[in-house]
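Let me begin by presenting the structure, written as structure tokens, before commenting on it.
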Amino acid sequence: PAMPVHDVDEWKGSELEKGSKELRERLLHSQKKPVVFKRGIAGVWKEALSWDPLVLCEKLQEVKTTFKVCPKRDTPAHSERFGRHQVVYETHCEYVQATFGQFAGWLQQQGPEYSENTEHACGPASPETVERPSKRLKGEDPPVNPLMTFPRSEYWVYADYKYMSQLLCDEEEGEGGRGGGRERSKELIRAIDWSVFGFPEYDGSDSTLWVGSEEAYTPCHYDTYGCNLVAQLSGRKKWRLFPPKDSPMLYPTRVPFEESSVYSAVNVSRPDLSLHPGFRDTEEYEATLCAGDVLFVPMHWWHHVECLEPSTSINTWIHLASCV
């Protein structure tokens with residue numbers, strides 16, 4: 001029988017005044033379940049809500065970083081390397097050094113046509129029309145783009161867990177000879193302002209970017225520190241969450257070892273209940289984030305996250321004594 005799935009609660013913004021001390025205290029002390037602020041940053045983070053993957057790649061075109069690459073499910077490449085129920089951890093993926101401009105080229109030149117129109121599922125992120133640069137990146141020629149080795153129809157690519165402060169430091173160095181890099185970096189940092197949720201001390205310098213193609217995902221895990229605020233800037237992401245009490249039924253493992261995360265041995269998308277029978281007794285919560293939505297994840301909640309289409313999100317961990 002199908003296991004019950006609960007929808008994550010939504011706040012429409014009317015229950016508590018945004019940015020208030022009351023909201024901050026509720027998130028840190030009394031909010032024990034995840035909650036989605038529907039359109040929580042719409043009309044507030046106007047600049048950041050323009051950062052679909054191609055727009056962001058335009059801003060960071062020459063910045064080089066490490067991209068994670070892995071076969072999509074139900075492809076020959078996946079079947080050759082993994083079984084149906086195997087958890088694909090980060091250690092199973094390939095890692096490629098490339099620029100954001102090259103990632104844009106990969107998104108545009110291979111596989112299904114890239115589209116930034118997601119209104120069929122989510123509606124506009126803001127009542128106002130988001131102004132996007134008219135220029136579109138064409139990317140590098142295939143022979144010099146290392147990502148072109150991986151057909152988009154068979155692989156996903158993910159720039160995940162990228163601290164903005166480090167990316168923008170690289171951007172400043174890359175642009176320093178021509179000027180403008182440092183000021184552009186400051187503009188990007190200022191575009192992220194968590195004060196709307198009661199945390200004015202957090203901005204882009206305390207945040208991490210996640211930019212990926214469709215089917216890019218992070219396997220089920222929980223973070224060992226802090227609470228988590230996640231803002232969806234473009235596209236859609238599906239979150240599957242499980243409370244800390246379900247830890248025994250998620251079969252925690254420290255392999256692969258990650259200092260700040262504990263992984264589940266269960267492939268929550270395709271569980272093998274003969275191997276992990278306890279999983280059927282978990283209490284799952286689910287949310288699909290659209291552009292403008294913000295998700296609050298309490299400390300030690302398990303989560304599996306997947307891009308449903310090319311998308312950009314950003315998060316910050318709240319490292320406060322009351323939260324650890």
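The values are calculated or read from the model by the stated rules, or taken from the named source; none is laboratory data. Keep in mind that what you see is a predicted model, and the values were worked out from it rather than measured. Note that we place each Cβ from the backbone using ideal geometry, even for glycine, and neighbour counts take in every protein chain shown. Please note that ligands, DNA and RNA were not included when accessible areas were found on the heavy atoms of the full protein model with its side chains. Shrake-Rupley method; radii C 1.70, N 1.55, O 1.52, S 1.80 Å.
Can His29 be described as open to solvent by 40 Å² or more (accessible area, probe 1.4 Å) and without any contact (Cβ under 8 Å) to a residue 60 or more places away in the chain? Answer is no for this residue.
Against the definition (at pLDDT below 95 and either surrounded by 12 or more Cβ atoms within 10 Å (Cβ to Cβ) or farther than 18 Å from Glu309 by Cβ (or both)), how does Pro127 come out, yes or no? Against the criterion (at pLDDT below 95 and either surrounded by 12 or more Cβ atoms within 10 Å (Cβ to Cβ) or farther than 18 Å from Glu309 by Cβ (or both)), Pro127 qualifies.
Condition check ((1) farther than 16 Å from Glu90 by Cβ; (2) open to solvent by 40 Å² or more (accessible area, probe 1.4 Å); (3) not in a strand (DSSP E or B)) across all residues:
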| residue | (1), (2), (3) |
| --- | --- |
| Phe257 | no, yes, no |
| Arg270 | yes, yes, yes |
| Ala291 | yes, no, yes |
| Phe296 | yes, no, no |
| Met299 | yes, yes, yes |
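In region 245-269, the residues that are free of Cβ contacts under 8 Å to residues at least 60 places away in the same chain and among the β-branched types (Val, Ile, Thr) form Cβ pairs under 8 Å with partners that are assigned to a loop (DSSP other than H, G, I, E, B) and open to solvent by less than 60 Å² (accessible area, probe 1.4 Å), at six or more places apart or across chains, as follows: Thr253/Ala265; Val262/Thr224. Does Ser274 satisfy the condition of being open to solvent by 10 Å² or more (accessible area, probe 1.4 Å), polar (S, T, N, Q) and not in a loop (DSSP other than H, G, I, E, B)? Here the answer is no, as Ser274 does not meet what is asked. Of the residues Glu306, Glu286, the single one that is assigned to a strand (DSSP E or B), under 25 Å from Arg26 (Cα atoms), open to solvent by 10 Å² or more (accessible area, probe 1.4 Å) and among the charged types (D, E, K, R) is Glu286.
In the set (1) modelled with pLDDT of 95 or more; (2) open to solvent by 20 Å² or more (accessible area, probe 1.4 Å); (3) hydrophobic (A, V, I, L, M, F, W, C), the condition left unmet by Val44 is number (1). Within region 246-255, restricting attention to residues that are at pLDDT 95 or above and hydroxyl-bearing (Ser, Thr, Tyr), the residue that is least open to solvent (accessible area, probe 1.4 Å) is Ser247.
Within region 42-54, residues that are farther than 16 Å from Leu289 by Cβ reach no partner that is of a type in the set (Ser, Thr, Tyr) and buried (at least 23 other Cβ atoms within 10 Å of the Cβ) with beta carbons closer than 6 Å at six or more positions or on different chains.
Out of Thr65, Thr91, Thr75, one residue alone is touching a Leu at 6+ places or on another chain (Cβ under 9 Å), at negative phi and open to solvent by 10 Å² or more (accessible area, probe 1.4 Å). It is Thr65. Return yes or no: is Ser264 within 18 Å of Gly40 (Cβ to Cβ), polar (S, T, N, Q) and at pLDDT 95 or above? In short, no. Output yes when any residue across region 72-93 is touching a strand residue (DSSP E or B) at 6+ places or on another chain (Cβ under 9 Å), more than 30 Å from Leu273 (Cα to Cα) and without any contact (Cβ under 8 Å) to a residue 60 or more places away in the chain, and no when none is. Looking for residues that are touching a strand residue (DSSP E or B) at 6+ places or on another chain (Cβ under 9 Å), more than 30 Å from Leu273 (Cα to Cα) and without any contact (Cβ under 8 Å) to a residue 60 or more places away in the chain, one finds none in region 72-93, hence no.
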